Amino acid sequence: MRNDEDREQCIQTLFLRPVESYRLAEGARLLGIAPSTLRREAEDDRREEYRSGDQWRFSWRQLATIALRRWGHVEVLDALGSDAGAVLPPLLALRTVTLRLPAYVVLALETIAAEERTTLDDALHCELIDFAGTVADRMETIHPGFRRAYLYPGVAHPRRVSS
């Protein structure tokens, strides 16, 4: 990806103007990566789900899942700005919280974030995803929409934003 402005434009294109499926080159361009990198990600996942005959094809959901892994929720929400609420489940909105944790926990998170070249927010998010999954059924009954946010981008095609 050349710069932040290009990445923001790609995020907006993917999430605000989704299409049914993408060829390998299209998907790689939107993600700002080489086609070989995207192919490797698909092969590491479930290769057969990314193939249509002898062609690589990516559904919007597959590409959005990879995009969220690469960019993280914060970057996607920031790029979508006020349009985020029109295309993302409401419970994906970000909330700032203040925590007090033992120093060793913070050091572990900071170390993992540095090793993975990500932010502390993203490292903690990754660690808490498993926890959210263990309480998804219970939370859905208390907070409708919890499961949809947890599973996003899920299996349904996103809504388009009216221009």
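Quick note: the coordinates plus some simple rules give every number you see, no bench work behind them. Just so it is clear, the structure is predicted and the values come from calculations on it, not from any experiment. With ideal geometry, Cβ positions are generated from the backbone for all residues, glycine too; neighbour counts draw on all protein chains shown.
Observations, loosely collected:
- Measuring between their Cα centroids, the range 3-30 and the range 69-95 lie 15 Å from each other.
- Debye-sum result for the range 4-151 in log10 I(q)/I(0), which assumes one identical scatterer on each alpha carbon, at q = 0.12, 0.18, 0.21 Å⁻¹: -0.61, -1.24, -1.41
- Here each label is just a point 7 Å from Cα along the line to Cβ, and for Arg69 and Asp54 those points are 2.7 nm apart.
- In plain terms, the chain from Leu128 to Ile142 could stretch by 3.1 nm, reckoned as 0.36 nm per residue minus the Cα-Cα distance.
- Semi-axis lengths, largest first, of the ellipsoid equivalent to the range 88-145 are 25, 13, 11 Å, with √(5λ) applied to each eigenvalue of the Cα gyration tensor.
- Short-range pairs are left out: with C-alpha atoms under 8 Å and at least six residues apart, the relative contact order of the chain is 27 percent.
- Degrees, to the nearest 10: 35-44 long Cα axis against longest axis of the chain: 60
- Here is how the number arises for the chain: DSSP H runs of 4 or more residues each give -39500 (n - 2.57), the sum is divided by the residue count, and the result at 222 nm is -18000 deg cm²/dmol.
- Exposed loop sites are taken as GluC sites (Glu not before Pro) in a DSSP loop (any state but H, G, I, E or B) with at most 14 other beta carbon atoms within 10 Å; the longest stretch of the chain without one runs 21-115.
- Within the range 46-130, the trypsin sites (Lys or Arg not before Pro) that combine a DSSP coil assignment with at most 15 other C-beta atoms in a 10 angstrom radius are Arg46, Arg95, Arg100, Arg117.
- FRET E, pair Glu115, Asn3, Förster distance 25 Å, beta-carbon r, rounded to 0.05: 0.50
- Gain in span if fully extended, Glu20 to Thr96, counting 0.36 nm per residue against the direct Cα distance: 24.0 nm
- Using alpha carbons only: equivalent-ellipsoid semi-axes of the range 14-95, gyration tensor based, whole Å: 25, 12, 11
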